[in-house]
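The values are calculated or read from the model by the stated rules, or taken from the named source; none is laboratory data. Everything numeric here is computed off the predicted structure, so don't read it as measured data. Glycine gets a Cβ as well: all are built from the backbone with ideal geometry, and neighbour counts include every protein chain shown. Surface areas here come from the heavy atoms of the whole protein model, side chains and all, with no ligands, DNA or RNA. Shrake-Rupley method; radii C 1.70, N 1.55, O 1.52, S 1.80 Å.
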Amino acid sequence: MAVPIAVLDCDLLLYGRGHRTLDRFKLEDVTDEYLVSTYGFPRQFICYLVDLLGATLSRPTQRSRAISPETQILAALGFYTSGSFQTRMGDAIGISQASMSRCVANVTEALVERASQFIHFPKDEATVQSLKDDFYGLAGMPGVLGVVDCTHVAIKAPNAEDLSYVNRKGLHSLNCLMVCDSRGVLLSAETHWPGSLPDCTVLEQAALTSQFETELHKDGWLLGDSSFLLRTWLMTPLHIPETPAEYRYNMAHSATHNVIERTFRTIRSRFRCLDGSKGTLQYSPEKSSHIILACCVLHNISLQHGLDVWSAPATGHMEQSEEEYEQMESVDSEACRVRQELLLTHFS
């Protein structure tokens, strides 16, 4: 028999009967509008997360008053989507700051454990071809398997390796490398890179590069901006287009690559803990990286559930990289040949 939520946490003693206590808060007793406004997601989505994460969040504990998976998920969603301090969001559901912190940590780790389930490149040929077709439909750029870019998320100054997290604007951040499809679904997300690293260095050291050079499809490529080096599997824009074909290529490249910029805006709009408007993430780089990755997992799950927020207004300060760099010309002759062949075949 389920134990009433009221006895699962001592917070009722702190807030009294006038506060919305855990035993009185049930998903079926509130409207979708309330859930969306407070926790960022509707009932069906929250119930899906309870089913997905419930077993993990109910792991045996020596604490006889463990908080239910449902309450843990609501607490974490409230933090992710509001960007509020934990004490404030904890007040909203009637738990203490210590309990709120445990809830965010537990749900974050449960989502990170499932990252590969929800963030990955397709492998079967039919899905890969569909991916290319969808990108081609945007602006006529063929062979695209994803668009790639970096974005910075502000964090508090870490206790160690302080300077490695200081970005070019003098702020502490993580530089996050992401790839998405034409709908904004994330296909890859590496959220742990120190903010001092330029985008090109992040990509050079990333698992993504190893994937494309050793495992993934040889008949397609990613699109990246000029902060990256041209590679056989990564098409970048031409620095100084001269011919009509080169202009058409650059225009198609830009229109297609814009999808990742919209995706960053979407993530920032939905997960306000990342946008900087409420301050930096007050966690270590490792924990901050996990929170960002957990939000990426939730972003993909939300798109699977039809919760598309392309039209959400841009807010906050989660910034796409705008690095100052010298134009990097690739010394990879094979990469230059592939791009030239693309120009001649599709844009001449």
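Output the residue which, of all residues in region 133-146 that are open to solvent by less than 10 Å² (accessible area, probe 1.4 Å) and not in a helix (DSSP H, G or I), is nearest to Leu298 (Cα to Cα). Full working, then the answer.
Restricting attention to region 133-146, the residues satisfying the condition of being open to solvent by less than 10 Å² (accessible area, probe 1.4 Å) are 135, 141, 144-146.
Still in the list and also not in a helix (DSSP H, G or I): 141, 144-146.
Values: Met141: 29, Val144: 25, Leu145: 22, Gly146: 19 Å.
Once the filter is applied, the top-ranked residue is Gly146.
Mind checking which pairs have a first residue in region 286-297 that is closer than 16 Å to Phe264 by Cα and a second that is among the charged types (D, E, K, R) and open to solvent by 10 Å² or more (accessible area, probe 1.4 Å), Cβ under 7 Å, 6 or more apart or different chains?
Correct list of pairs: Val297/Arg114.
Considering only residues of region 273-291 that are in a helix (DSSP H, G or I) and more than 12 Å from Ser173 (Cα to Cα), which is farthest from the chain's Cα centre (by Cα)?
Keep residues of region 273-291 that are in a helix (DSSP H, G or I), which gives 273-274, 285-291.
Among the residues that remain, those that are also more than 12 Å from Ser173 (Cα to Cα) are: 273, 287, 290-291.
Values: Cys273: 12, Lys287: 14, His290: 10, Ile291: 9 Å.
The selected residue is Lys287.
Within the group Ser130, Ser164, Ser116, which residue is within 30 Å of Met235 (Cα to Cα), in contact with a strand residue (DSSP E or B) (Cβ under 8 Å, 6 or more places away or on another chain) and either open to solvent by 60 Å² or more (accessible area, probe 1.4 Å) or in a helix (DSSP H, G or I) (or both)?
Working: Ser130 fails: in contact with a strand residue (DSSP E or B) (Cβ under 8 Å, 6 or more places away or on another chain); Ser116 fails: in contact with a strand residue (DSSP E or B) (Cβ under 8 Å, 6 or more places away or on another chain).
Of Ser130, Ser164, Ser116, the one residue that is within 30 Å of Met235 (Cα to Cα), in contact with a strand residue (DSSP E or B) (Cβ under 8 Å, 6 or more places away or on another chain) and either open to solvent by 60 Å² or more (accessible area, probe 1.4 Å) or in a helix (DSSP H, G or I) (or both) is Ser164.
The conditions are (1) modelled with pLDDT of 95 or more; (2) over 30 Å from Asn159 (Cβ atoms), and Val331 fails exactly one of them. Which is it?
Exception for Val331: condition (1).
Conditions (1) modelled with pLDDT under 85; (2) closer than 24 Å to Gly306 by Cα; (3) surrounded by fewer than 22 Cβ atoms within 10 Å (Cβ to Cβ), marked per residue:
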| residue | (1), (2), (3) |
| --- | --- |
| Glu28 | yes, yes, yes |
| Ser37 | no, yes, yes |
| Gly54 | no, yes, yes |
| Pro60 | yes, no, yes |
| Arg65 | yes, no, yes |
| Tyr80 | no, yes, no |
| Gln86 | yes, no, yes |
| Cys103 | no, no, no |
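Collect the residues in region 186-219 that are open to solvent by 60 Å² or more (accessible area, probe 1.4 Å), in contact (Cβ under 8 Å) with a residue 24 or more places away in the chain and assigned to a loop (DSSP other than H, G, I, E, B), keeping them in residue-number order.
Of everything in region 186-219, just one residue is open to solvent by 60 Å² or more (accessible area, probe 1.4 Å), in contact (Cβ under 8 Å) with a residue 24 or more places away in the chain and assigned to a loop (DSSP other than H, G, I, E, B), namely Asp219.
Suppose the filter is touching an Asp or Glu at 6+ places or on another chain (Cβ under 6 Å) and within 29 Å of Asp124 (Cβ to Cβ); does Ser188 pass it? Break it down stepwise before answering.
On the way: touching an Asp or Glu at 6+ places or on another chain (Cβ under 6 Å): no; within 29 Å of Asp124 (Cβ to Cβ): yes.
No; evaluated as a whole, the condition is false for this residue.
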